[in-house]
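The values are calculated or read from the model by the stated rules, or taken from the named source; none is laboratory data. Computed from a predicted structure; not experimentally measured. Reconstructed Cβ throughout: ideal geometry from the backbone, glycine too, with neighbour counts over all protein chains shown.
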Amino acid sequence: MKEVHLVVGVVAIALNAAAAVYGAFCWWRVRRTVLFWRLLRAGQAVVVIEVALGGVLLALGQKASSLHVLYGILPVLVSFIAEQFRVASAQMVLDSRGIESASAVGELDSDQQQAVVIAIIQRELGLMVLAAIVIVVLLVRAAGTA
């Protein structure tokens with residue numbers, strides 16, 4: 001069981017690192033991407049599985065340092081907080097441009113609408129790339145304290 005936890009941990013690091021690198025590239029190039037979101041969601045799912053496996057190991061009496069447990073659980077919290085910021089990012093972009101609501105975007109000309117959409121996508125992508133980077137750092141730290 002401990003070996004499975006180790007392998008899943010390596011997969012979690014790899015998926016989140018791939019999402020971070022590819023997402024940063026897409027953010028820098030202002031490129032829309034479906035692959036980033038798939039990598040990120042897969043990475044998040046594997047982190048949840050990793051935490052569940054760690055919980056099972058602890059329940060079975062396996063010893064782990066408190067730092068290992070903390071670094072193992074924090075990625076879930078980081079993902080949750082980042083998702084909350086991502087949800088709010090569209091409104092932040094609208095507020096920064098003085099646009100009252102999403103329906104008001106429809107009243108803009110097509111170039112302005114596209115600029116707003118790109119700004120929202122960029123903000124969401126940037127937030128989630130930063131979250132993926134933090135998650136990778138936390139998972140590497142968790143591995144280092146195992």
Every listed condition ((1) at pLDDT 95 or above; (2) closer than 18 Å to Val21 by Cα) holds for Ala52 save (2)
Of the candidates Leu74, Leu58, the one satisfying the condition of being under 18 Å from Ala143 (Cβ atoms), at pLDDT below 95 and of a type in the set (A, V, I, L, M, F, W, C) is Leu58
**Test result for Ile135, part of a helix (DSSP H, G or I) and of a type in the set (A, V, I, L, M)** = yes
Log entry, pairs with first residue in the range 121-134 being closer than 13 Å to Trp27 by Cα and without any contact (Cβ under 8 Å) to a residue 40 or more places away in the chain, second being among the basic types (Lys, Arg) and surrounded by fewer than 19 Cβ atoms within 10 Å (Cβ to Cβ), beta carbons closer than 6 Å, six or more apart or on different chains, reads Glu124/Arg86
Residue hits (the range 13-30; at pLDDT 95 or above and in contact with a helix residue (DSSP H, G or I) (Cβ under 7 Å, 6 or more places away or on another chain)) are Ile13, Leu15, Asn16, Ala17, Ala18, Ala19, Ala20, Tyr22, Gly23, Ala24, Cys26, Trp27
Item checked: Test: Ala18 is surrounded by 12 or more Cβ atoms within 10 Å (Cβ to Cβ) and in contact (Cβ under 8 Å) with a residue 12 or more places away in the chain -> yes
Those residues of the range 118-146 which are among the aliphatic types (A, V, I, L, M), touching a helix residue (DSSP H, G or I) at 6+ places or on another chain (Cβ under 7 Å) and surrounded by fewer than 17 Cβ atoms within 10 Å (Cβ to Cβ) amount to Val140, Ala143, Ala146
